[in-house]
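**Student:** Handing you a structure now.
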Amino acid sequence: MSFAEIRSLLYPTQCVACGAGNVEICPRCESGLVSFRNEVTLHQLPLYSALYYNETSSHLILAAKESNDRACARYLASLMAMRFSRIHRDLSLDRYLLIPIPSSRKADRRRGFAHTVVLSKLLAHEVERSIGLSCRVLPLLAPTRAIADQSRLTAQQRQRNIYGAFTAQSRVRSDRRGAEGIIVVDDLVTTGSTMGEALRALKVASYEPDALLSACVAGRFLANKIGTSLPALRGTAKKEELWPC
Ligand SMILES: [Zn+2]
């Protein structure tokens, strides 16, 4: 970890999106973020997300993922933790298990870290700290093969491209008492095909997730899902807006 990364971890004094001074996120960048508060289901499970995917949120996702910007990752995790309070209100379980969606091995090697595992750990920490819920992360999913770039594929092509791409460690009988909610975590839901493959692999391993959580949801997914386009949903994603209403 570089000095800049350690410093940003300890002293987050710059806007996570543009670097303006002495604020976690400046008003200009904050006004570019749009909270996601819709109730949608994906593969018969509730999908919770913090933000719509747009120019500003894509910048945060890319900085966290490709530049190892921990201040960005921590900011996204804090927004996701706000949504987690809604998950807890809906599920009311004793504790939670987060299962991150893996990137390809090649991407992990190039970045030097597993992005969604880092994001999930920051999220679990924030959920414990701010909501007081017990939350652990288990990276149970692993890629079985290389996955061709999905960005130019249609939803149907993505589904075919990713089928069988994940495997999950089989469930071992837990000796913990009380109910544990299982939440599958990703940074971005685009068409839902990756979530679908993760759920398939988890089912084979005897896991039955309760909900899905992402940092961002893409408009393309929403257009198919609820017939709502992004321009109709403009607004500011203030943190307090993400608390359950
Ligand atoms: Zn800014």
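No lab work stands behind these numbers, since they all come straight from the coordinates. In this text the structure is predicted, and so the values were computed from the model without any measurement. Please note: Cβ atoms are built from the backbone with ideal geometry, for glycine as well, and neighbour counts cover all protein chains shown.
**Student:** With the dipole of region 1-122 worked out from charges on the C-beta (+1 for Lys and Arg, -1 for Asp and Glu) around the Cα centre, which of Y96, S57, M82 lies farthest toward the positive end?
**Tutor:** Y96
**Student:** Moving to a separate point now. What spacing in nm lies between the two simple spin-label points modelled at A155 and E39, each 7 Å away from Cα in the Cβ direction?
**Tutor:** Label-label distance for A155 and E39, simple model: 2.1 nm.
**Student:** Another question about this same structure. Find, among the chymotrypsin sites (Phe, Trp or Tyr not before Pro) in region 128-211, those assigned to loop by DSSP (not H, G, I, E, B) with at most 15 other beta-carbon atoms within 10 angstrom.
**Tutor:** Y163
**Student:** So what J values fall out for region 204-209 if you push phi through Karplus, 6.51 cos²θ - 1.76 cosθ + 1.60 with θ = phi - 60°, rounded to Hz, Gly and Pro as x?
**Tutor:** 4, 8, 6, 9, 10, x
**Student:** Please give the peptides 49-56, 131-138 ranked by average Cβ packing (other Cβ atoms within 10 Å per residue), highest first, as a rough proxy for protection.
**Tutor:** 49-56, 131-138
**Student:** From the residues A218, I147, S120, which one has its Cα farthest along the dipole of region 3-228 in the positive direction, the dipole being from +1 and -1 charges on Cβ of Lys/Arg and Asp/Glu about the Cα centre?
**Tutor:** Toward the positive end, the furthest listed residue is I147.
**Student:** Could you tell me which residue out of V204, Q156, S67 lies farthest along the dipole of region 3-228 toward its positive end? Charges go on the beta carbon: Lys and Arg +1, Asp and Glu -1, centred on the Cα centre.
**Tutor:** V204
**Student:** Using +1 on the beta carbon of Lys and Arg, -1 on that of Asp and Glu, and nothing else charged, what's the dipole of region 3-228 about the Cα centre, debye to 20? Don't skip to the end; give the middle numbers.
**Tutor:** Numbers: 30 positive and 20 negative charges, 113 e Å.
Charge dipole of region 3-228: 540 debye, to the nearest 20.
**Student:** Using the Cα centre of region 12-107 as the reference point, and only Cβ charges (+1 on K/R, -1 on D/E), how large is the resulting charge dipole? Debye, rounded to the nearest 20.
**Tutor:** Rounded to the nearest 20 debye, it is 240 debye.
**Student:** Kindly provide the pair-distance distribution of region 3-228 built from C-alpha pairs, with 5 Å bins from 0 and whole-percent values in order of increasing distance.
**Tutor:** Percent of pairs per bin, in order: 1, 7, 14, 19, 21, 18, 12, 6, 2, 0.
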